[in-house]
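Worksheet: the structure to be examined is printed underneath.
The numbers here are math on the coordinates, done by the rules we state, and not lab data. Bear in mind that the values here come from a model prediction, so they are computed numbers and not experimental data. Backbone-built Cβ (ideal geometry, glycine too); neighbour counts: all protein chains shown.
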Amino acid sequence: MASKIYPFGVGNPLDNSFKLILVAEGFTAAQKADFAALCQDLLDALLATTPFNVTRAHPGWLTVLKVFAPSANAGPRIGAGGGHSTVLGSFVDSSTNRLVVDHALLYALLNVQVVTDSAGTRKLSELVSPGDIMMGPTGAVIAVITPATANPAQGADDHVRPVDDTTYHLVATTANGLWHQVVLRGIAAALGLADEFERPDAAYASASDSNKEFLNTPNVIFRDTPPTLNSDVPAWRHVMSGTEWLAPAVVHAHPPNDLPNTAVPAAPSVAGKIEFWEGGAGYRRKSYRSAEDCLMRRAPGLGYLPARNQAVAFCPVCLVHLRSMLR
Ligand SMILES: [Zn+2]
């Protein structure tokens, strides 16, 4: 059974709120309280992190559920090898620190869950549908959480967007380091934000005219030529002051190679002004994000731009989008 852990005392209809579903993986029956404690840690972090901290005043947008099924063995399997049995068959791919979850097992687990709210007891599958319908303010994200690995260097994570009408929006993380950032980033993605990192594949060398029409996102824009003035980019007018709007655009072109740019500032910073940094939505060129770094730039499961090793804020454009959704 899926149990509601937030909010209490507020009758949020499940159908009309965003749903975060925390699923235990690799917790033994004896570790049930450990999973509950991690769920509480996550809630505390959500309520303390900008912009999700507005949830304290406006809890109506969110419902958090948890699902616990005990595993025979503790933690994800590390690398290859048998003799380790968990509910979702997860393992750490040691080459990329990706936490791989068996989706068929996850879907089977979700499909037998029921949840009770003011509207009665219903199947979780009636409230959380796979596919694009998971995006937006009444959408959902599934967050699979495992215990922390004993060796922090073997901590792992992942983010999987729905690719068709049968797949869920999913994040997965071991409870190592700043793991809550992986989950918050997943919520932000399900609320409509694009990834701001770049992928190594040939198909992502450059955003082309043929795919741009499908890629209108709040936080990544697509242009064949860099902007000259900030006012060349009307999509971001709402995040600029009047003076800034009329100023020359500050453009940071992708480095002169054809690799994903994995540079991040040594110290986490919050950009004060909108700039144009080439690279985003997976593409290495002809796509622009608004700041050098952002939690959406971090790339769970790809082996670069880690999401759990330092505190990373959302960029101004992402903050404005998220604030518009958290009502
Ligand atoms: Zn951003």
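Run the numbers on the chain and let me know its relative contact order in percent, using alpha-carbon pairs under 8 Å that are six or more apart. If you can, show how the numbers build up before the last one.
Working: 721 pairs, mean separation 57.7, N = 327.
Relative contact order, the chain: 18 percent.
With a 4.7 Å Cβ cut-off, tell me which Cys residues in the chain come up empty for a partner.
CYS39, CYS318
Quick one: if you take sqrt(5λ) for each eigenvalue of the C-alpha gyration tensor of the stretch 202-325, what semi-axes come out, biggest first, whole angstrom? Don't skip to the end; give the middle numbers.
Values: eigenvalues 89, 72, 38 Å².
Semi-axis lengths for the stretch 202-325 are 21, 19, 14 Å.
Kyte-Doolittle mean at least 0.0 and Cα extent at least 18 Å along the axis: which DSSP H helices of the chain qualify? List each step's numbers first, then the result.
Numbers: long enough: 32-48 (25 Å, 0.91).
Helices passing the filter in the chain: 32-48.
Under 24 Å from the Cα of LYS19, which lysines turn up, not counting those fewer than eight places away in the same chain?
LYS4, LYS32, LYS66, LYS123
What's the Kirkwood radius of the chain in Å, using all Cα pairs?
Values: mean 1/r = 0.0489 Å⁻¹.
Answer for the chain: a Kirkwood hydrodynamic radius of 20.5 Å.
With every atom except the alpha carbons ignored, what do you get for Rg and Dmax of the stretch 121-233, in angstroms?
Cα-based Rg and Dmax for the stretch 121-233 come out at 17.3, 56 Å.
Could you list the chymotrypsin sites (Phe, Trp or Tyr not before Pro) in the stretch 138-227 that lie in coil according to DSSP, counting only those with at most 10 other Cβ atoms within 10 Å of their Cβ?
In loop regions of the stretch 138-227 (DSSP not H, G, I, E or B), the sparsely surrounded chymotrypsin sites (Phe, Trp or Tyr not before Pro) are PHE214.
Please go through the stretch 256-299 and write out the trypsin sites (Lys or Arg not before Pro) that DSSP classes as loop and that have at most 15 other C-beta atoms within 10 Å.
Values: sites: LYS273, ARG284, ARG285, LYS286, ARG289, ARG297, ARG298; in loops: LYS273, ARG298.
When the trypsin sites (Lys or Arg not before Pro) of the stretch 256-299 are filtered for loop state and at most 15 Cβ neighbours within 10 Å, LYS273 remain.
Could you rank the peptides 138-144, 81-87, 187-193, 102-108 by their average count of other C-beta atoms within 10 Å per residue, with the highest value first? Don't skip to the answer; put the middle values down first.
Values: 138-144: 23.7, 81-87: 13.7, 187-193: 22.1, 102-108: 15.4.
By packing density, highest mean first, the sequence is 138-144, 187-193, 102-108, 81-87.
Please give the length that would be gained between ASN257 and ALA48 if that part of the chain were fully extended, namely 0.36 nm times their separation in residues minus their C-alpha to C-alpha distance (nm, one decimal).
On the way: separation 209, 0.36 × 209 = 75.24 nm, distance 3.92 nm.
Answer, rounded to one decimal: 71.3 nm.
If you project the alpha carbons of the stretch 1-84 onto the principal axes, what extent comes out on each, in Å, largest first?
Dimensions of the stretch 1-84 along the principal axes of its Cα atoms: 47, 27, 20 Å.
What shape does the stretch 220-291 take by its C-alpha gyration tensor, where a ≥ b ≥ c are the square roots of the eigenvalues and a/c under 1.5 counts as rounded, a/b above b/c as prolate, and the rest as oblate?
Details: a/c = 2.18, a/b = 1.38, b/c = 1.58.
Cα axes put the stretch 220-291 in the oblate bin.
Note the per residue figure in Å³ for the convex hull of the C-alpha positions in the stretch 2-190. Each step should come with its number before you reach the end.
Working: hull volume 21.4 nm³, N = 189.
Normalising the Cα hull of the stretch 2-190 by residue number yields 113 Å³.
How large is the Kirkwood hydrodynamic radius of the stretch 92-173, in angstrom, based on all distinct alpha carbon pairs? Don't skip to the answer; put the middle values down first.
Values: mean 1/r = 0.0709 Å⁻¹.
So the Kirkwood estimate lands at 14.1 Å.
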